[in-house]
Amino acid sequence: MIFLGDRTAEQSFSADRTAPRAATDWFRMHAAALALPAERLAEVELCLDELVTNIVRHGGERRRLTFRVSLRQQAADSTVTVEDDGPPFDPLQAPAPLFTASLDDAPEGGRGIFLIRSIADEVRYENREGVNCVTLVFREE
Amino acid sequence: MELTFEDFEDGVREIHLAGRLDMEGADAIDLRLTSLAAVQRGFVVLDLALVEFLASIGVSVILRTARALSSRGGRLVLLSPRPGVADVLNRTQIDRIIPVFHDLATARAAALA
């Protein structure tokens, strides 16, 4: 782990099935880097878990893949950035799940990205020379 | 993630989960929950009181369990989610298709209804 300043932290992880928990365990240890109340930090943790789960499910199990998580506080913006070199995936292009009132028709997946987009104040995606870079911005509500 | 269950004479099965229902948690309980739901007319109360964290992968496990029970004439209801867990159920609108209760007596009655 490298501390780049009082309010910045980053860490790299292997993208295996223990990765979501490893990343969220690390996040809770360093959540003080972000100027957010506890309830909002719990929502940030959920978004991080969903992003990492997505990396593991869609790329991490086919080959050795690592990802890096960075936390930054810049003025009023608390940001979480996750970078991975798995297959290109833009969460902003993922279709929203169709919600129904029927158990039979309820979609099996698609809720992770939906949760992120419903919780984060901003979601940004860039593909930087083959590296997926997703930045989530949170502000105190 | 820990899973325990109790069967009662009235036909209700209470399943208690404890821990984090994330990818590791889902991996730990998925097969066991599937086998517990593979019964004819299974009326199951899934107690979430000790679930500290629910991610979408856990929502999918709950949804599959509810579907498995429903397809065999049974029913799943959820009991006592913590606020953070209840928020995930609400945001994903799962609470519109799988009933959520906060007291055991009502949950048991709803499972059998």
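The values are calculated or read from the model by the stated rules, or taken from the named source; none is laboratory data. Note that the structure is a prediction, hence the values are computed from the model and not measured. Here Cβ is always computed from backbone atoms with ideal geometry, including for glycine, and neighbour counts include all displayed protein chains.
Key figures for this structure:
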read-out	value
Search result, residues across segment A:49-60 that are out of contact with any Asp or Glu (no Cβ under 6 Å at 6 or more places or on another chain) and without any contact (Cβ under 8 Å) to a residue 40 or more places away in the chain	A:VAL52, A:ARG57, A:HIS58
Enumeration of residues in segment A:30-65 that are in a loop (DSSP other than H, G, I, E, B) and either touching a Cys at 6+ places or on another chain (Cβ under 6 Å) or more than 14 Å from chain B (Cβ to nearest Cβ) (or both)	A:LEU34, A:ALA35, A:LEU36, A:ARG62, A:ARG63, A:ARG64, A:LEU65
Pairs where the first residue, in segment B:6-20, is at positive phi and the second is assigned to a strand (DSSP E or B) and surrounded by 19 or more Cβ atoms within 10 Å (Cβ to Cβ), C-beta under 9 Å, 6+ apart	B:GLY11/B:PHE43; B:GLY19/B:VAL51; B:GLY19/B:PHE53
The listed residue being touching a Leu at 6+ places or on another chain (Cβ under 9 Å) and either of a type outside the set (S, T, N, Q) or farther than 17 Å from B:ARG91 by Cβ (or both), out of A:CYS47, A:CYS133	A:CYS47
Members of segment B:6-35 found to be over 14 Å from B:ILE57 (Cα atoms) and in contact with a Lys or Arg (Cβ under 6 Å, 6 or more places away or on another chain), listed by number	B:ASP7, B:VAL12
Cβ-Cβ under 6 Å pairs, at least 6 apart or on other chains, segment A:10-29 side part of a helix (DSSP H, G or I), far side at pLDDT below 95 and surrounded by 16 or more Cβ atoms within 10 Å (Cβ to Cβ)	A:ALA19/A:VAL56
Restricting segment A:127-141 to residues that are surrounded by 13 or more Cβ atoms within 10 Å (Cβ to Cβ) and out of contact with any Ser or Thr (no Cβ under 6 Å at 6 or more places or on another chain), the residue that is nearest to A:GLU39 (Cα to Cα)	A:ARG139
Single unsatisfied condition, A:PRO97 versus (1) assigned to a helix (DSSP H, G or I); (2) buried (at least 18 other Cβ atoms within 10 Å of the Cβ)	(1)
Identity of the residue in segment A:77-94, in contact with a helix residue (DSSP H, G or I) (Cβ under 9 Å, 6 or more places away or on another chain) and in a loop (DSSP other than H, G, I, E, B), that ends up farthest from A:VAL131 (Cα to Cα)	A:ALA94
Scope segment B:66-90; condition under 19 Å from B:GLY25 (Cβ atoms) and either among the charged types (D, E, K, R) or more than 11 Å from chain A (Cβ to nearest Cβ) (or both); matching residues	B:LEU78, B:LEU79, B:SER80, B:PRO81, B:ARG82, B:ALA86, B:ASP87
Top-ranked residue of segment A:100-125 - restricted to ones that are in a helix (DSSP H, G or I), surrounded by 15 or more Cβ atoms within 10 Å (Cβ to Cβ) and free of Cβ contacts under 8 Å to residues at least 60 places away in the same chain, ranked as nearest to the other protein chains (Cβ to nearest Cβ)	A:ARG111
